Structure formats: C-alpha cells, structure tokens
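Quick note: the coordinates plus some simple rules give every number you see, no bench work behind them. Keep in mind that what you see is a predicted model, and the values were worked out from it rather than measured. Methodologically, a virtual Cβ is constructed for each residue, glycine included, from the backbone with ideal geometry; neighbour enumeration extends over all protein chains shown.
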C-alpha cells in the first residue's frame, strides 16, 4: 500500500518533471534522454516455471546512451529498454539510483553494451512480491570496434545474451529471488526506431511498476513522447 501511495505521489511530482522533459524534447525534436540508440529483435526464453513463461517469445530491445550520441566515447549511463510482445514494457539501465548517477556514469563501460549489468533502478510488483529486475550479460570474449560493432559481432556469433533476474532488493547485492528468462538478441535492425516508446501503463505480462520514481516516469515518458510527435520526430 505504501509503495502504491508513493507511486501516486511520484506521478504528481512527475507533472513538473513532465513539463521539463516536454520542453527539452520539443527543443531537441527528439527524446529528452536516450536520444540515439540501436534497436534489436530478440527472444526471451523462460528459465523458471512462474514468471518466465509469461515473458517468453519475441521482444524488441533498444540499447542507448542516456546523454551522448551513439558510439560516442564520452562517459554516459547506458539504457536497455524491453518491449515484450507488444504488451509489456521494462526499462533498465546501468545505474542503481538517481543519487549515484554520477558514479554510475563513471563506472559504465561505454565501449561495449554487452559488458554491463542493467538494473530496473526502481521496484516493480510481480504478483504479491516487490522485486527489482537485473539483466546479467553472458561472459564475452574481448572484441574491438565501436559498441555497435561489438554488438553485431556478438549477435552473429550467437553470444549476445543476458540472464534476466528477479532480486529482493536494489543494487548488485540484492538477494537473488529467481532467474526468470534468457534474453537473446538475434538481429540488429538497420536504423534506430523513432516509434519505439516505453509506457509505464503497458503491463500485460504482469510486471507492474510501483514506487515514487516509477510514478514520475508515468508522466515524464508520455510528455517527452508528445513533444516528439508535435515536432514530427
């Protein structure tokens, strides 16, 4: 109940954040954050008997830098947004909290999408449980080139995979509840997709955002998307 109340409070605060993201997206004629990225087709395969089967099947994955152009060598948080079967969205990123975003920026390996762990940052409700999601990459051999070069090489070799986990707490030390699915990237699409949009209301597979920060996202995301549509982006 408390998290649901903080979710509503976050949505109210999100009105102010939404104004800022709307103006920023309107000015840039694009996403306020994660403006440029790479979209891949992928597949989720269940690893447990409860949550994984709900997610199994086709997934679109958008990988991006939070604040820099694609393949820029400048430090940045990286994002991984999952659009699961057209009816469930799940945003992940290479940081644990907004208070420690600067530290996460310095610690993110911006040279390789597949060399980072991606966290949900905020809590989600799955059934009666409050959990945090984490995507753990499969160990990768050393590669060279830009991060999209490395991504394409890993996809071609069948090694572009992550394990999607449920944790009982935030951060890398949160207790593991279950490994629920393997995420395999199977093809990089030829261009970034401007129609790729994440919504906190798309919860068809039973993953439901909760807590203050997800409440902020509830309003901020569509505000940015509205600005993009108004500017024809």
Multiplying the sequence separation of residue 144 and residue 103 by 0.36 nm and subtracting their Cα-Cα distance, what value in nm do you get?
12.2 nm
Residues of segment 89-103 with amide nitrogen under 18 Å from the 7 Å Cα-to-Cβ point of residue 173?
95-101, 103
Jot down the radius of gyration and Dmax of segment 70-126, Cα atoms only, both in angstrom.
12.4, 37
Using a simple spin-label model with points 7 Å from Cα along the Cα→Cβ vector, what separation in nm is obtained for residue 29 and residue 111?
3.6
Please give the FRET efficiency for residue 208 paired with residue 50, using the beta carbon to beta carbon distance and R0 = 22 Å, rounded to the nearest 0.05.
0.90
Computed label-point distance, nm, for sites residue 58 and residue 130 using a 7 Å Cα→Cβ extension:
3.6
How large are Rg and Dmax for segment 44-93 when calculated on the C-alpha trace, in angstrom?
13.8, 41
Please arrange 195, 146, 105 by counting, for each residue, the other beta carbons lying within 10 Å of its beta carbon, fewest first.
195, 146, 105
Taking the simple approach of a point 7 Å from Cα along Cα-to-Cβ for both residue 189 and residue 87, what is their distance in nm?
2.1
Residue with peak Gaussian network fluctuation, the chain [Cα springs, cutoff 10 Å], from 203, 161, 122:
203
Give me the extension gain from residue 13 to residue 156: residue separation times 0.36 nm, minus the current Cα-Cα distance, reported in nm with one decimal.
47.1 nm
Roughly speaking, what is the centre-to-centre gap between segment 61-113 and segment 164-226 when only Cα atoms are used, to the nearest Å?
11
With the calculation restricted to Cα positions, what are the radius of gyration and Dmax of segment 34-210 in angstrom?
15.0, 44
